[in-house]
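Structure record follows, encoded as structure tokens.
Nothing in this text is a laboratory measurement; each read-out follows from the coordinates by a stated rule. Since this is a predicted model, take the numbers as computed values, not measurements. Neighbour counts run over all protein chains shown; Cβ positions are idealised from the backbone, glycine included.
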Amino acid sequence: MKQKLEEILQNGLKEIDSANDLKVLDEIRVKYLGKTGQLTQILRGMKDVPAEDRREVGSLANSVRQKLEEKLSEKLAALENAQLELEMEKEKIDITEPSKGVKRGALHPLTRFNNKFIDLCVEMGFTVIQTPEIETDYHNFEALNVPKNHPARDMQDSFYITDNILMRTHTSPAQVRAMETMKPPFKIVCPGRVYRNDDDSSHSPIFNQFEALVIDENIGLQDFMIMVREMAVRLYGKNVKMRVRPAYFPFTEPSIEIDATCQMCQGKGCTLCKGTGYSEFFGGGIVNPAILEMSGIDSNKYSGFAFGPGIDRSVMVTNKIPNIKYLFRNDLRFLKQMR
Ligand code: DAH
């Protein structure tokens, strides 16, 4: 029996030594120490060993098992290490190789214009707010002095969700929401997407506007004009020329439309500005006192001005984009040209 154990030890150690991968090593473990392994069988057969030898054989068998286990775990560690080194060698990155180049992203032209306009407004002391794109008929129309059946509703053909809820047709409801929740004096600007049932090369069912509202004591048309001029200069440079036309909006009285030097031809006259050298900058005016009162602001104490530029047209002109739809298609071939 002792001799048999000695043999198992010597053979086992030799085989472990020469194992050169993890699978073989595990087979060796099973062969000697597994459930039906050679050593396990001997340990199981201890009861047949004569009582006087049992102690000695038992302790020898245990020490054989211990030696084999030690040797196995040493070899296991060595093999695992070797495999790790091999993998690290394979995954080594050659940092001296020339790079494939980094593909650069860029901001969408609408985002760039938006950011520029928002920065400008913040510099001028405006608070930027955001109001819902899904609006109530009240905020979108009624509170802006456009009751049901008012002809001005025709200009803003709308997407209704229910009789009283619609996709906002302009950012002007932001005026109402600001007046309802903020205490004058305040200056707010609200950038955002708006929706109308319009669709041709210069109209899209989705487009973008800004809404600006200034409420304070003693605000008049002159304050409005000074601010608009300052904005035009900061956006288009100090040589910008402007002209004012009378207009009609139910929420402002008087209402005006302001044109600025056409950015496509720099005022020389082109097809876009129909030879006039001017293109529309934005519409606005002095807030109709009826609107102030409807939203709970004392029109004897406060007055204000409001204006609402559409931004898609400006982005199209400055980037020479012929069709407004390009702005919303997310076509990479177009966007790549806009970098
Ligand atoms: N909301 C108007 C539109 O979409 C634009 C506008 C006109 C906004 C006059 C204003 C304003 O704030 O005072 O056509």
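Scattering from segment 57-127 was approximated by placing one identical point on each alpha carbon and applying the Debye formula without solvent; log10 I(q)/I(0) at 0.18, 0.21, 0.28 1/Å stands at -0.88, -0.97, -1.13. Rounded to 0.05, the FRET efficiency of the Arg55 and Gln3 pair, given R0 = 25 Å and the Cβ-Cβ distance, is 0.90. Within the chain, helices built from complete DSSP H runs that reach 20 Å or longer along their own axis (Cα positions) and carry a mean Kyte-Doolittle hydropathy of 0.5 or higher are 221-236.
With the biggest extent put first, the Cα atoms of segment 264-321 measure 46, 20, 13 Å across the principal axes.
What pairs in Lys103/Lys274; Lys103/Lys320; Lys116/Lys183; Lys4/Lys71; Lys14/Lys35; Lys31/Lys90 have C-alpha atoms more than 31 Å from each other?
On the way: Lys103/Lys274 40 Å; Lys103/Lys320 25 Å; Lys116/Lys183 27 Å; Lys4/Lys71 19 Å; Lys14/Lys35 21 Å; Lys31/Lys90 33 Å.
Pairs exceeding 31 Å: Lys103/Lys274; Lys31/Lys90.
Using alpha-carbon positions, what is the distance between the centroids of segment 312-330 and segment 168-232, in Å? Going from one Cα centre to the other spans 21 Å.
Applying the criteria of a DSSP loop state and at most 10 other Cβ atoms within 10 Å to the GluC sites (Glu not before Pro) of segment 124-224 yields Glu217.
Counting other Cβ atoms within 10 Å as a rough exposure proxy, the listed residues Cys273, Cys265 run Cys265, Cys273 from fewest neighbours to most. With an a/c value of 1.5 or above and a/b larger than b/c for the gyration tensor axes a ≥ b ≥ c computed over the alpha-carbon atoms, segment 2-91 is described as prolate. Using the Cβ-Cβ distance between Ala290 and Asp331 with R0 set to 45 Å, the FRET efficiency from 1/(1 + (r/R0)^6) comes to roughly 0.50.
Rounded, prolate or oblate, given the Cα gyration tensor of segment 184-267, with a/c below 1.5 counting as rounded? Could you put the intermediate results ahead of the total?
Details: a/c = 1.73, a/b = 1.15, b/c = 1.50.
Oblate, because a/c is 1.5 or more while a/b does not exceed b/c.
Among the trypsin sites (Lys or Arg not before Pro) found in segment 79-158, those both in a DSSP coil and sparsely packed, with 11 or fewer other Cβ atoms within 10 Å of their Cβ, are Lys92, Lys100, Lys103, Arg104, Lys148. The base-10 log of I(q)/I(0) for the chain, evaluated at q = 0.07, 0.12, 0.15 Å⁻¹, reads -0.49, -0.92, -1.22 [Debye formula, identical scatterers on Cα atoms, solvent excluded]. Between the alpha-carbon centres of segment 235-274 and segment 287-308 there is a gap of 25 Å. Exactly which trypsin sites (Lys or Arg not before Pro) in segment 166-275 are in a DSSP loop and have at most 13 other Cβ atoms within 10 Å? Of the trypsin sites (Lys or Arg not before Pro), the ones in loops of segment 166-275 whose Cβ has at most 13 other Cβ atoms within 10 Å are Lys238, Lys241, Lys268, Lys274.
I want the local charge near Asp199. Using Cβ-Cβ distances under 12 Å, sum +1 for each Lys or Arg and -1 for each Asp or Glu among the other residues.
Net local charge, Asp199 excluded: -1.
Working from Cα pairs under 8 Å separated by at least six residues, relative contact order for segment 109-337 is 20 percent.
Each Cα pair under 8 Å and six or more residues apart adds its separation to the average, and for segment 2-91 the resulting relative contact order is 37 percent.
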